[in-house]
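Student: If you scroll down you'll find the structure; I have some questions about it.
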Amino acid sequence: MSSSQEDAGHVTAGLSAPVSASSLQPPAATVIPPEPAATKKMPPWAIPFDTPARNRFLKDYRIQAASATSTILACLAVTPLENVKTRLQSYNFKGTTDCLRYMIKHEGPRGFMAGALPPLASLTIVRVTNFTVYQKSKHAISDFVERHTGTSPLATYNTPGSLPTFTGVSCFMASGMLAGLCAAPIACPFELAKNVVQTSVLMASSQREPTGKGLKYTSLQNVPRLSTAQAIKQIISRHGFRGLYTGMGLHVARDTVGTGLYFAVYETSKQLTSKYLGDNHSPFGPQLVGGALCGTLPWLFTYPLDTRKTRRQSMILGQSKEVGAAVAKNSVYTGLSVIILRTAVQNMLLLTMFEYFKREIDKLEV
C-alpha cells in the first residue's frame, strides 16, 4: 500500500471514530472569587456595635463610660433644685419659700428646668475629667508613697476591715485637688452660661426695678429667657472671649478645694461604712452614705466661694451696681439648705450609679 493510501486510511479511521458530547462543549469558564469588601475604618470616637468589640471598648473606657452615664442621669434629677439655689444666691429673696413662690407664679415650670443643657454638657465633660484624672492620680500617688515608705495606701484601703489612714486620706485629697484643678478651665464657661440663663428673667425684672428693695411680683411669664447660645454670644460681644472666664479665680479655688474634699470624704466614709456594716451589707449601702456625705460636707467650706462666684457671674450682663446692692446684705450662706439637699441627692445617685455601671461593665464578656 502506498503512503498516500495509508494517509487516507488514517483520515477515514479518524472520521469514523465516535465523538463524545463532552468533547464538543466549550471549556468551562474559570470562576474568579469576588474580592473581599474593603473594611471601613472606624473613627476613633465611634462605639462598635458588635458585642465583643463593644464590650472591649467599654472595658477599656469603663471609668469614662460609667461616669458619663451616671452624671447625665443625676444631673437631670436635680436641675430644679439647682435653679432654686442659683436664684437664692443671686437675688434678695426672703427665703426658699419666697423663691419657690416667685418661680411658680411668675416663671412657671420652665423656670425649674432653665439652663439644663449647659450643666448637662459641662458636668458630663467635667465629671469624666474628674474621675479620669482622679483614678490615674490616685494610683500614681499610691505607687510613689509605696516606693518611699514600703506601704501602699491603696492596698491598705482595699484590705477588708481596714480603717482610714493618714497617707490614704492624703492620697485621696491630693488626687481630688488635682482633678478639680484640671477640670476647672473646662467647667467655668459652661457654668457661667448656666448662671446667666437661669437668672436672665430675674435680671430683666431687676433692671426694671433697680431699687435694691427686692423684686416686685410683676408677671414675667412672657419675658423671653436667654438661650445658652444667646448668653455666650452676648458675653463675648460685651467682654470678649475673656468674659467666658469671669470668676475663674473663685471657680478654681472652689473646685480645687471642693473636689479634694469630695473624694477624700467619699472614700473615707465608704471605708468606714463598709467596716461598720460588715460583710452582709447592701452592695450600695456604702456608696449611698459616702455620696450623701461627700455631697454635703465639702460645701460647708466652699459655699462662700460658690456664692461669690455665682453673684459675679450672674451680674455680667446686668446692672452690677444695682444688683450688687440688692444682694450685698445677704449672707454668703444664702440657699445653703437647698444646695445641701441638691448635692446630697445628686451624689447619692451619681456615685451609686457610677459604682453600679463599673461593676456591670466588669462582668461583660470579651
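None of the figures in this text is laboratory data; all of them are computed from the coordinates on show. Here the structure is a predicted model, which is why all the values come from computation and not from measurement. Reconstructed Cβ throughout: ideal geometry from the backbone, glycine too, with neighbour counts over all protein chains shown.
Student: Could I have the simple spin-label model distance between residue 144 and residue 337, label points 7 Å from Cα toward Cβ, reported in nm to one decimal?
Tutor: 4.3 nm
Student: Kirkwood Rh, Cα Rg: Rg to Rh for the stretch 108-202?
Tutor: 1.21
Student: Most exposed first by the Cβ proxy, i.e. fewest other Cβ within 10 Å, how do 85, 94, 136, 363 rank?
Tutor: 363, 94, 136, 85
Student: Excluding residue 157 itself, what net charge comes from residues whose Cβ is under 10 Å from its Cβ, given Lys and Arg +1 and Asp and Glu -1?
Tutor: +1
Student: Which entries of 275/309; 136/363; 194/270; 270/363; 94/270; 136/270 have Cα-Cα distances beyond 30 Å here?
Tutor: Correct reply: 275/309; 194/270; 94/270.
Student: Taking amide H positions as placed 1.01 Å from N in the peptide plane, with prolines and chain starts having none, which residues 5 or more places from residue 364, or on another chain, fall under 5 Å of its amide H?
Tutor: Amide H neighbours of residue 364: none.
Student: If you add up the charges near residue 82, with Lys and Arg at +1 and Asp and Glu at -1, over every other residue whose beta carbon is less than 9 angstrom from its beta carbon, what do you get?
Tutor: Its environment carries a net charge of +3.
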